[in-house]
Amino acid sequence: MTGGLDARLASIEDVAERQLCAGCGACAVAQPGTIRMVDDLTTGRRPLVAAGASTQQALEACPGVRLEHDRAAWDEGWDADLADEWGPVLAVWEGYATDPEIRFRGSSGGAATALALWSLERSSAGSVVHSGARPGAPEFNDAVQSRDRDQLLAHTGSRYAPASPCEGLATASGPLAFVGKPCDVAGARMLDERGLLPEGAEVDLTVAIFCAGAPSTAATLGYLADTWGQEPGALDELRFRGHGWPGSFVARAQDGSTHEASYAASWGVIQAGRPWRCRICPDHTGEFADVSVGDPWHTPPQPGEHGRSLVVARTARGLGAVERAIEDGYLELERVDASLLPASQAELQRTRRTVQGRLLAMRLAGLPVPRFRGMALLGTWLRTPPGNLLRSVLGTLRRLGRYGLRRRRPVVEFEPSRRAPTAGGGS
């Protein structure tokens, strides 16, 4: 073992080529000049490492191979009934951004954007590091830094495409807020804790978005080709949801033609293109963030509804930020019983309960396995019916060949001049 990790995961190349990379971009911040993130159409944002370079420092900030909870370090007030499956939960609210445009353009109630704006205007953050659609190629994402409401609005809404928001930390300075997927927040937190951020950069607040996995670019392009026939590279806009709750999947070509589908129809197809690391992820709800935000699916959205958000405080810092954002008029939230978290995210709960079985299958197949500690994965797995226990193992063993997990898979950088594939996903 290396630092407690599987000895076969001794470098960032090992992580990426074994399909365990989360794509967050933390490694490129830890070792700038040595590692750069690129677009791999079939897997996501992935690191390329300079020939012959050591990546030990970057490996220390890699959430792809390491996620660890220490309950002794959690802030007081966490819910013991939820901790095993949901991490630290200090408080849960339901509501929305008071700014009607933020609420409408957000993916549910716009709470994450509203909290980011509060951080800029009322707290100490000088910028918000997050993700946004790439100009001229909206099927891809870029790390961005926003410093005002207009910039935040330009990048609001869910982006079901590979993103590496940690890359934005490489040029950050001063106090900042960070918004990303759970794995992104975990990477940012490890960079901060290990002193690997640029000198002077200080993460003031982290906000995680609930995530069921980030489909590959190939999956989205394949969906567009199958349902619309639009050639890749001709898009002017690509919106996965939002503009209402949950909103529609909307693609607009440079010639002005548009294609629209329901959120459920589009997600039902492109989700098949989630990379392997997403399928063994134990944290879909931002357990390492100060605040996490998701959909309150316990109440089905109504036609024309602008949406509501479920907001979870996970640290004392996050609790204080939400309470002050409410007081300052940025959020309209109602404190609710914490049981609404599992009621709203039953599918993510079922997914988390399969992780231990999938990891067991990987071990049985002789594959390297990430280290997840303090996350009660065995106990939660054993809560499932016996038939489901067996299916989580056997189903994974069947998928190993489809994902090519028994062999290393080099990162393939996308070249815009080369025609993109029109079918596929992560398989």
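Here are some notes:
- Looking only at segment 401-427, and only at residues there that are touching a helix residue (DSSP H, G or I) at 6+ places or on another chain (Cβ under 8 Å) and either farther than 28 Å from Leu59 by Cβ or modelled with pLDDT under 90 (or both), the one that is surrounded by the most Cβ atoms within 10 Å (Cβ to Cβ): Gly426
- Screening Leu394 with (1) exposed (fewer than 13 other Cβ atoms within 10 Å of the Cβ); (2) touching a residue at least 60 places away in the same chain (Cβ under 8 Å); (3) more than 26 Å from Gly23 (Cβ to Cβ) gives one miss only, at (2).
- As for segment 354-369, it holds no residue that is free of Cβ contacts under 8 Å to residues at least 60 places away in the same chain and over 30 Å from Ile12 (Cβ atoms).
- Residue within segment 41-58 that is in contact with an Asp or Glu (Cβ under 8 Å, 6 or more places away or on another chain), within 23 Å of Ala16 (Cα to Cα) and surrounded by fewer than 22 Cβ atoms within 10 Å (Cβ to Cβ) present: yes
- Filtered by the rule that a residue be surrounded by fewer than 18 Cβ atoms within 10 Å (Cβ to Cβ) and touching an Asp or Glu at 6+ places or on another chain (Cβ under 8 Å), segment 320-337 gives a lone residue, Glu334.
- Selection status of Val250, in a strand (DSSP E or B), closer than 27 Å to His69 by Cβ and at pLDDT 95 or above: no
- Selection status of Val38, in a strand (DSSP E or B) and in contact (Cβ under 8 Å) with a residue 40 or more places away in the chain: yes
- Checklist (1) part of a strand (DSSP E or B); (2) of a type in the set (Gly, Ala, Ser); (3) assigned by TED's automatic domain parsing to the domain that holds Trp86 applied to Ala261, failing item: (3)
- Between Leu341, Leu382, Leu377, Leu348, the distinction of being surrounded by fewer than 16 Cβ atoms within 10 Å (Cβ to Cβ) and either more than 23 Å from Ser123 (Cβ to Cβ) or in contact with a helix residue (DSSP H, G or I) (Cβ under 7 Å, 6 or more places away or on another chain) (or both) belongs to Leu382 only.
- Condition check for Asp79: in contact with a strand residue (DSSP E or B) (Cβ under 9 Å, 6 or more places away or on another chain), surrounded by fewer than 21 Cβ atoms within 10 Å (Cβ to Cβ) and in a strand (DSSP E or B): no
- Every condition in (1) within 20 Å of Phe372 (Cα to Cα); (2) outside the structural domain of Cys166 (by TED's automatic domain parsing) holds for Pro32 except the one numbered (1).
- Condition check for Thr315: crowded, with 22+ Cβ neighbours inside 10 Å, closer than 30 Å to Ala125 by Cα and either β-branched (Val, Ile, Thr) or not assigned by TED's automatic domain parsing to the domain that holds Val203 (or both): no
The values are calculated or read from the model by the stated rules, or taken from the named source; none is laboratory data. Owing to the predicted nature of the structure, the values given are computational and were not obtained by experimental measurement. In this analysis, Cβ positions are derived from the backbone assuming ideal geometry, glycine residues included, and neighbour counts consider all displayed protein chains.
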